[in-house]
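Everything below concerns the one structure shown next.
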Amino acid sequence: VAYGGGFYIGLGLAVSSSIFIGGSFILKKKGLLRLAAKGTTRAGDGGHAYLKEWMWWAGLITMGAGEAANFLAYAFAPASLVTPLGALSVLVSAVLSSYFLDERLNLHGKMGCVLSILGSTVIVIHAPQTEEVADLADMGVKLRDPIFVTYAVIVLAVSLYLIFYIAPRHGTSNVMIYISICSLLGAFSVSCVKGVGLVVKGAAAGDPVWLQPLTYLLILGLIASVSTQVNYLNKALDVFNTSMVTPVYYVLFTTTVLLCSAILFKEWNAMDPRSVIGMLAGFGTIVTGIFFLHAFKDINFSLSDLPKFVKNVGANGVVESVKYTSVRKAHRSDERSELLDQVDAIYSEEDESSNVL
C-alpha cells in the first residue's frame, strides 16, 4: 500500500520483463538453428557467426528491453515482488519452446522447473534487502573489503578453470559448465550496474566522477561480465535444449547474484534465524529441482505413465488380487486383449468353415 499507484506500474514492468526475457531465449535459439542449417561454425564450437544473424540480434534487443523493464520495476515496486516474478521468464520460455522449437520436458523436468522456481522464490523472500551505497566513494570502500576481494579472486579462478580446462572437454556434454560460467561472472554485472548507476547519479549532480579511476573500472567490468555472459549463454543455447537451459540459468544466476550482493553489501549481518532457515530451505529446494532436471532428462515419462491400482475380481464378485500398474500399461494390456480376441474369432471362423467342408 505504501507504494501507491506505482506498485501496479512496477508489477506491469516486472511481468513484461519476464515476457521479453523468456521470448528472447526463443529468438536466439531460432537464430542459432538457422545458422546451423547453413553449415556455419556453431557457437558451441567457438564460432561467432550469430553476430550476422538478424534473429539473434532481435533476441538480444528483446533481452535488453526485458532487463531495462526489470531495472525500472525496482523503482516502483518492492524487490520481494519484482525478483520472484523473474521466474515467469522460465515458464514463458518453456511454453514458447514447445510451440516454436518442438521441445518437450518430461514430467520430472516439469517438476524440476517448478521446484527450482519455488526454491529461488523462497531465497529471494528470505534474503535481506540490499544495503544502499551513498556515492562512488562508498562503493569503492566496499569493493576493497578483504572478504569481497577474496570472494572475487576465488570466483575468477574457478571461472578461468572452467573456461580453459573444463569447457573444452565437457562443455558440450554437460549443461552446467557453460551456465556456471555465465552465472559466476554474470553476478558481477549486478554490482557493476549499481556502480555505474552511482556514476550517472554523480555526473548529474555535477560531481567529478569522470576523474576517478573506479568509474572506468566499473564500466569495463560491466562490459566484460555482460559480454562473457552473452557468449557462454549462446553456447549453452546452441548445444542444449532451451527448456533445460532457461530454468537452470535462472536458478544459478539468481543464486550467485544473491551471494555476491550479500558479501559485497554485508546483508548477512542483519539476518535473523527465520531468514537463515528460509535460505537453507530455498537452497535445498533448488538442489532438488536441479536433480529432477538432470537425473531423469532422458526418461520418456508423462502423466499417462502414473501408476494406479488395478483390481482383479473373481467369478463370485470377490476381489482376488490388487496389482500396481500404470495407466499406459493398463491401456496397452486392454489393446492386446482386444487383438487376441479378434485373432481367436478369426481362427474359430476358419475352424467352423473347415468342419462344414
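Structure values in brief
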item: Residue within the stretch 163-179 that is at pLDDT below 85 and open to solvent by 10 Å² or more (accessible area, probe 1.4 Å) present; result: no
item: Out of Gly140, Gly195, Gly119, Gly202, sole residue that is at negative phi and within 17 Å of the chain's Cα centre (by Cα); result: Gly119
item: Hits in the stretch 187-215 (condition: of a type in the set (Phe, Trp, Tyr) and free of Cβ contacts under 8 Å to residues at least 40 places away in the same chain); result: Trp210
item: Condition broken by Asp138, with the remaining ones in (1) surrounded by fewer than 17 Cβ atoms within 10 Å (Cβ to Cβ); (2) assigned to a loop (DSSP other than H, G, I, E, B) satisfied; result: (2)
item: First in the stretch 1-18 and more than 8 Å from Ala73 (Cβ to Cβ) and among the basic types (Lys, Arg), second anywhere and modelled with pLDDT under 80 and surrounded by fewer than 17 Cβ atoms within 10 Å (Cβ to Cβ), Cβ under 6 Å, 6 or more apart; result: none
item: Among (1) crowded, with 17+ Cβ neighbours inside 10 Å; (2) part of a helix (DSSP H, G or I); (3) at pLDDT below 75, the one test that Leu51 misses; result: (1)
item: Residue count, the stretch 12-25 (criterion: touching a Leu at 6+ places or on another chain (Cβ under 7 Å) and over 17 Å from Gln229 (Cα atoms)); result: 5
item: Selected residue [within 22 Å of Phe240 (Cβ to Cβ), buried (at least 16 other Cβ atoms within 10 Å of the Cβ), touching a residue at least 40 places away in the same chain (Cβ under 8 Å) and in contact with a Phe, Trp or Tyr (Cβ under 7 Å, 6 or more places away or on another chain)] from Leu91, Leu184, Leu105, Leu115; result: Leu115
item: Flag for Thr256 being open to solvent by less than 50 Å² (accessible area, probe 1.4 Å), modelled with pLDDT of 75 or more and farther than 30 Å from Ala58 by Cβ; result: no
item: Residues of the stretch 29-48 that turn out to be open to solvent by 30 Å² or more (accessible area, probe 1.4 Å), at pLDDT below 75 and on the phi < 0 side of the Ramachandran plot, as a count; result: 7
item: Residue match in the stretch 189-206 (condition: in contact with a helix residue (DSSP H, G or I) (Cβ under 8 Å, 6 or more places away or on another chain), among the polar types (S, T, N, Q) and modelled with pLDDT of 85 or more); result: no
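The values are calculated or read from the model by the stated rules, or taken from the named source; none is laboratory data. As the structure is a prediction and not an experimental result, all values here were calculated from the model. Cβ: placed from backbone, ideal geometry, glycine included. Neighbour counts: every protein chain shown. The accessibility values were calculated without ligands, DNA or RNA, using every heavy atom of the protein model including side chains. Shrake-Rupley method; radii C 1.70, N 1.55, O 1.52, S 1.80 Å.
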